[in-house]
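Below: the structure, in structure tokens.
Just so you know, all these numbers are worked out from the coordinates, no wet-lab data involved. Only a predicted model underlies this, so the values are computations on that prediction, with no experimental measurement involved. Methodologically, a virtual Cβ is constructed for each residue, glycine included, from the backbone with ideal geometry; neighbour enumeration extends over all protein chains shown.
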Amino acid sequence: MLSETNARAERLVVAVALAWAALLNLCFFISAGPLWRDEANSVQQACLPNWNTVRASLQYDSFPILYPAILRAWASIPPLSGDLALRSMGLLVGLGLLVSICRVCRLLGSRAPITALVLLAVDPILISETCSIRPYGLTLLALLWAFASLGMCLVRPSKRWYLAATIASIVSVQLSYNSAFFIAVFGLAAAGLTLWRGGRRAAPALLIPGVFAALTLLPYWTVLERAGEWVALLHYRVDWTQFFASYAKEHSIVSPIVWMLFLALACLTFVFRNRNGRTSPAGPVIVPYAVGVAALGLLSQVLFVELMKVPPFPRYFLPALLFIGIALQLVLEQRRHTSHAMLAVAALIFTAGPAWSWLSLQRTSVDRVAQLLEREARAEDLVILSPWFLHPSFQRYYRGSSDWITVPGLPHAPITRYDLFMKAMLRNDPAGDLASRLDKTLNRGGRLWLVYQAIGQVPDQDHPPDVPSSSSTLDGEDYVRHRSYWEREIWFLLRSCCQPQEFPVSASRRVWDEERLLLALWSPMKGEGESRLKIQRK
């Protein structure tokens, strides 16, 4: 009777966790609103005039062709091209990942995937990235099924599972280049475990899905070579302290504590395994496989960040967290205990507030800024975007008559182009024609509108910033110096000729700090005949 009672309690906790996770996905769908810059970048890339331009644009992005192709097919249907319809696509992916987590855990022998659901399905970053209009959600789905299919090849080898593992592996690497690391980890973990168990003949076959997936990446060799010309700008020193601070801020400190508690519980379960020999049906082979994938996946991700010197954004570690969560679930399955369900309920309670708070944020206020400019700006005015990478979302929503420029002044492009930023860094005059553009606008009676980030630092000095020097080989530090220079330069130029008037950018909901934008109108100073000439200090 007690066993049946425990089983019912577990099923109840799973149902509650699943319902709450679905509600959080719905919360993001309702609250996210307009597309922020990375999402707008994906949509505008997918909607370029023809397939040739889409293929050519791959050298300026970090993902292969499959996601732009899916997004292009979705947006080509007029009713599905609007923000709400695109958000519906993200919601379907998010709910699909929820269902897949449950299905994969059950497939691998889990009775009730409590731990996996609590750790993964209610993670606010996982939900927001999965439901965003970016490749991350579909990538996680493909990786999850590649992992599960290869795991089933260990339990019940068959052509069906090998075929499923191969297809899922190919799809995952066609969605994201980084998936190749995890596909390799799956194959190595499965083959290594098979060799350890004495299956020398069966081990090589477990590497086949990864080999086929790697072969499908060969056509991107030229694309990656061209991307290598600018990708150095993303290479910067790895600051793990900042990473953990950002992780704790976005998840709240409660979430890391929950992960550590489940990890500690899993370690205790491993030490005091069920002595009655009751394990999940696939336990003897699947648990070592899942633990190996989790450990190797996290290690490979950390090594990749260190070797490539890329900023360790929390979203980069979502695949590793996905497999750590599933590994913890399968380890805890080895010893039935009510403490698992009790800890899960406590975790749901304590993470509910922070998760809801994060997912109820509107992702950008760029639509409101665009509306204000359409109403207030005149044809002779000039709109200035600082920093430069705000332009993809701005272009999606702005339909006004005023011309606009970025800081630094770059050619108008529908997508983010770091290569153009690099060319601006190499100019003899780093400021370009920025001062002359401002002066021409003022001389024809126009006004200047500055769109900038609320989290950006507004310089308080009145002297011009020093022009940065570049090293012979440009890298992320050069990028940071030049970007800082240009953003301080525009404030100096505006203050030297104009006086500001802030325009309140109201929003119906709280806005994510990363793209909570501010708008200021800079008009020529009255009674200051020399003020305009100060712009031309160079």
Subject >> Distance between modelled label sites at Glu380 and Lys159, nm, 7 Å Cα→Cβ extension >> reply: 7.7 nm
**OP:** Compare the peptides 414-420, 194-200 by average per-residue count of other Cβ atoms within 10 angstrom and give them in order, highest first.
**Re:** 414-420, 194-200
Original post:
Convex hull volume of the Cα atoms in segment 38-140, per residue, in Å³?
Top reply: 107 Å³
Original post:
Count the lysine pairs in the chain that are 8 or more places apart or on different chains: how many have C-alpha atoms under 28 angstrom apart?
Top reply: 10
**OP:** Output the antiparallel fraction of DSSP beta bridges having both residues in the chain, as a percent to the nearest 5.
**Re:** 55 percent
**OP:** Hydropathy first: keep DSSP H helices in the chain averaging at least 1.6 on Kyte-Doolittle, then drop any whose Cα extent along the axis falls short of 18 Å, and list what survives.
**Re:** 136-155, 179-196, 254-271, 283-308, 318-332
Subject >> Projected label distance in nm at Trp51 and Ser523, using a 7 Å step from Cα toward the beta-carbon >> reply: 5.4 nm
Original post:
In whole Å, what three semi-axes, largest first, describe the equivalent ellipsoid of the chain built from its Cα gyration tensor (square root of 5 times each eigenvalue)?
Top reply: 48, 25, 20
Original post:
In whole Å, how far is the Cα centre of segment 454-512 from that of segment 56-82?
Top reply: 32 Å
Original post:
Cα gyration tensor of segment 296-345, axes a ≥ b ≥ c as square roots of the eigenvalues: rounded (a/c below 1.5), prolate (a/b > b/c) or oblate?
Top reply: prolate
Original post:
What is segment 366-536 by shape, rounded, prolate or oblate, if you read a ≥ b ≥ c off the alpha carbon gyration tensor as root eigenvalues and call it rounded for a/c under 1.5, prolate for a/b larger than b/c, and oblate otherwise?
Top reply: oblate
Original post:
Over the chain, what is the mean sequence separation of C-alpha contacts under 8 Å (at least six apart), divided by residue count, expressed as relative contact order in percent?
Top reply: 18 percent
**OP:** Compute the distance in nm between two label points, each set 7 Å from the Cα along the Cα-to-Cβ direction, one at Asp513 and one at Arg315.
**Re:** 1.8 nm
**OP:** Give the distance, in whole Å, between the Cα centre of segment 292-325 and the Cα centre of segment 162-198.
**Re:** 16 Å
Original post:
Rounded, prolate or oblate: which one fits segment 463-520, using the alpha carbon gyration tensor with axes a ≥ b ≥ c (rounded when a/c is under 1.5, else prolate when a/b beats b/c, else oblate)?
Top reply: oblate
**OP:** Treating only the Cβ atoms of Lys and Arg (+1) and Asp and Glu (-1) as charged, compute the dipole magnitude of the chain about its Cα centre; round to the nearest 20 debye.
**Re:** 1840 debye
Original post:
When the chain is fully extended, how far beyond the present Cα-Cα distance does Asn6 get from Ser88, taking 0.36 nm per residue of separation?
Top reply: 25.8 nm
Original post:
Of Ala168, Leu298, His412, which is farthest along the charge dipole of the chain in the positive direction, counting Lys and Arg as +1 and Asp and Glu as -1 at C-beta?
Top reply: Ala168
Original post:
Sorted from fewest to most neighbouring beta carbons within 10 Å, what does the list His340, His391, His235, His463 look like?
Top reply: His463, His235, His340, His391
